[in-house]
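This report concerns only the one structure given below.
The values are calculated or read from the model by the stated rules, or taken from the named source; none is laboratory data. Predicted, not measured: the structure shown is a model, and the values here were computed from it. Note that each Cβ is placed from the backbone with ideal geometry, even for glycine, and that neighbours are counted across all protein chains shown. These accessible areas exclude ligands, DNA and RNA; they are computed on the full protein's heavy atoms, side chains included. Shrake-Rupley method; radii C 1.70, N 1.55, O 1.52, S 1.80 Å.
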There are 2 protein chains.
Amino acid sequence: MSVTAPRGFRAAGVAAGLKPSGRPDVALVVNDGPSDAAAGIFTANRVQAAPVLWTRQVLADGRLRAVILNSGGANACTGPAGFADTHATAEHVAGALGLGAGDVAVCSTGLIGVRLPMDNLLAGATKAVADLADTDTAGAAAAEAIRTTDTVAKAAVRTSSTTPGVTIGGMGKGAAMLAPSLATMLVVVTTDAVADAATLDRVIRASSRVSFERVDSDGCLSTNDTVLLLASGAAGVSLPEAELTGLVTEVCIDLAQQMLGDAEGSTKTIAITVTGAATEDDGLEVGRAVARNNLLKCALYGKDPNWGRVLAAIGTTKAVFEPDALDVSINEVRVCRAGAPGEDRDLVDLSGREVRIGVDLHAGDAEVTVWTNDLTDGYVYENSAYST
Amino acid sequence: MSVTAPRGFRAAGVAAGLKPSGRPDVALVVNDGPSDAAAGIFTANRVQAAPVLWTRQVLADGRLRAVILNSGGANACTGPAGFADTHATAEHVAGALGLGAGDVAVCSTGLIGVRLPMDNLLAGATKAVADLADTDTAGAAAAEAIRTTDTVAKAAVRTSSTTPGVTIGGMGKGAAMLAPSLATMLVVVTTDAVADAATLDRVIRASSRVSFERVDSDGCLSTNDTVLLLASGAAGVSLPEAELTGLVTEVCIDLAQQMLGDAEGSTKTIAITVTGAATEDDGLEVGRAVARNNLLKCALYGKDPNWGRVLAAIGTTKAVFEPDALDVSINEVRVCRAGAPGEDRDLVDLSGREVRIGVDLHAGDAEVTVWTNDLTDGYVYENSAYST
């Protein structure tokens, strides 16, 4: 179950020889309508890959009929020739589907700074068009084909409880370079609800803000992040915007959690909940500072409840707080009270994968949760061996 | 040769039992004058250890007679009781030396959130007073006693070429949590030049700005950083401020480079030189963004000239640049030209410890160098095992 769960969508995933391993590396998602409304958000990195530049452009009119995605190469930092490759890919897919190139989004992920083998990619796209189906298997194959160092494919589905038959489906990839906003992620979310592009734009922004943009695995911001939301309208009904936002948010949080659970080399999924913040921005700044503290992330890998490193991270922010008022808990043990030692740190059980860090700034009522991972020798290994 | 190289200073380093290993852990530096002018700079972290709060306070009058330093415990996040411990330490040293507590700076380094064993510390201070000497051996012993995970003691000495006999000596420690500003460092720099406190303040700020504040080993900012500059005036002459600044800067850069060369688990010392920046601030922002990119630091550990990660890091900044104008070189090979692949990356030799990354923003005339290290499984190991 993935992007084909809602009606009106077909998908495919094929092996085109972009990956040396021979694993699937080209995915295609097609919206058969009747609607072609779409919205998307993109990396905040100022160095943007060719497919990001392309897809921003074709999405300007709020319409998309197809998304062609590849792993095995990011097509980033490849200059005008790389942009021409993306354009040619969209033209090729459009030709095979009887669309205009401006109806086709392109997403790429993999190593930066290398041109894509276009013969392989275009042949793969042709094969993907031939394989298109609206089945669960086809949706799963698409999710499979966008994996890079992901050890498992990621998909999520939710259905409306108020309007039977309205469904939201999503697939995603992302295993490192996970930082807001966004992560190194490609995500396609589909729905059969009727919704115009402006609504979809508000929905995907609101959903990402509390899901993908709250994930900070390693503080690194990719050149290729793309999150797309496509509505086919095949259900023939719309949902109240709040309900649609809620369901899309659930799908996005589910995908974000799957990414964290599969982050490169990680052994811990760490939720940092900041309470008592003066503002949401303050809470986010503190949460991210803690999430990015390499020393803390190493300590948690070593099952060491080193709360001093939490305080040292909080102290680097401009958030409103008094150092002598900070409370910190780790897995519900209040190890730091009023900026000084609290309960015995030996009471903290760090044997499981889930770690909950609570920070109370005692400066207001805002609450924010940010998710991260531990920093491990496995992460170092995967990222020192990535391209060599 | 260390802080005792200039005339007018005595030092000592002793084992007081603060470290489980039994290694030296208490150092003392005494300025016998005739002058007691001093200046210092401190961590920018808002969570500041008790010794930082104390030393800021006693240095407000620009005068110091002694500095007592300990490794084996940071006395950070220890509340009012921790501050009382620092105060008692200063009183104890002052009593033994016939000074007021307000003449005594205190520096601590080690684990955060744990009280110091005061009986051991005060007995060690008494022993250090008894051991005080103006010899090279005594200076070396002091440098040795402030080590934490440093594998070697760090010291540097420079002498004036224009005014024979005027000397600057320094000692430092720092091996992780190295980020501006400052690093996890304790540094004491001494000189026998005549200089008033206001001059020393300008000198140490200017020197740190281009040395300690340009080191960013792991992006983590400590609670205890302290850099002190003490002038005995025993040479009986002053230096032109520019010359004094130059010599102190040389000592500080020397110590900073020693810290980088000994950074926890590192196998590479990486100099990131940003040229063509619109402003120095832009250059610094870009340099630090590159220095903090975990993915790049892992790649360099794996001898992988992954310049795409350099561009991805630059893209996260607000500096003035056009993505299509960026040039990047690694060890003098221009691997990226105009934001796209340049010379063959296989030409880059990453076999040695020293790595030079050049970034040309093509946006102005400012140039900044920032230094960092690679990210290794050794770093993960040391920091996951630190307190357990």
Would you work out the charge dipole size for the stretch B:269-384 about its Cα centre, treating the Cβ of every Lys and Arg as +1 and the Cβ of every Asp and Glu as -1, and quote it to the nearest 20 debye? 320 debye
FRET efficiency (A:Val152, B:Arg115; Cβ distance; R0 45 Å; to 0.05) is 0.45
Averaged over the residues of A:367-376, the number of partner chain Cβ atoms within 10 Å of each residue's own Cβ comes to 1
Out of the stretch B:300-344, which trypsin sites (Lys or Arg not before Pro) are coil in DSSP terms and have no more than 14 other C-beta atoms within 10 Å? B:Lys318
Multiplying the sequence separation of A:Met1 and A:Asp61 by 0.36 nm and subtracting their Cα-Cα distance, what value in nm do you get? 18.7 nm
Quick one: of B:Lys268/B:Lys318; A:Lys19/A:Lys127; A:Lys154/A:Lys268; A:Lys173/A:Lys268, which pairs are farther than 23 Å apart, Cα to Cα? B:Lys268/B:Lys318
Top mean-square fluctuation among A:Ala27, A:Ala130, A:Ala16, Gaussian network model of chain A, C-alpha springs under 10 Å? A:Ala130
Cα-projected label distance for A:Ala130 with A:Ala242, points at 7 Å along beta-carbon direction, nm: 5.1 nm
Per-residue average of other protein chain Cβ atoms inside 10 Å, peptide A:298-306 -> 6
Chain A residue with Cβ closest to the axis mapping A onto B, distance in whole Å: A:Asp377, 2
Using the basic label-point model (7 angstrom from Cα toward the beta carbon), what is the A:Asp324 to B:Ala338 distance in nanometres? 6.1 nm
Name the residues of the stretch A:17-51 whose accessible area falls by at least 40 Å² when all protein chains are present instead of the chain alone, probe 1.4 Å? A:Arg46, A:Val47
Kirkwood Rh, Cα atoms: Rg over Rh of the stretch A:183-328: 1.05
Kindly provide the Kirkwood hydrodynamic radius of the stretch B:269-384 in Å, to one decimal, from all pairs of distinct alpha carbon atoms. 14.0 Å
Ignore the peptide's own chain and count Cβ atoms of other chains within 10 Å of each Cβ in A:77-85; give me the average, rounded. 4
Report the label-to-label distance for B:Asp365 and B:Thr279 in nanometres (one decimal), using points 7 Å from each Cα along the Cα→Cβ vector. 1.7 nm
Of all DSSP beta bridges with both partners in chain B, the antiparallel percent, nearest 5, is 70 percent
Note: probe point = Cα of B:Ala44 + 7 Å toward Cβ; backbone nitrogen < 12 Å; residues of the stretch B:359-384 passing the test are none
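Using only the alpha carbon atoms of the protein assembly as shown, find the Kirkwood hydrodynamic radius as the inverse mean reciprocal pair distance, in angstroms to one decimal.
In the protein assembly as shown this quantity evaluates to 27.6 Å.
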Over the stretch B:9-261, what is the relative contact order in percent, taking alpha-carbon pairs closer than 8 angstrom and at least six residues apart? 25 percent
Whole-percent tail of the Cα-Cα distance distribution for the stretch B:9-261, cut at 24 Å, equals 38 percent
Is there a quick way to get the dipole size of the protein assembly as shown? I mean about its Cα centre, with the Cβ of Lys and Arg at +1 and of Asp and Glu at -1; what is the value in debye to the nearest 20? 480 debye
B:Glu367 label points, 7 Å along Cα→Cβ, one per copy: pairwise distances from this copy to the rest in nm, shortest first? 5.4
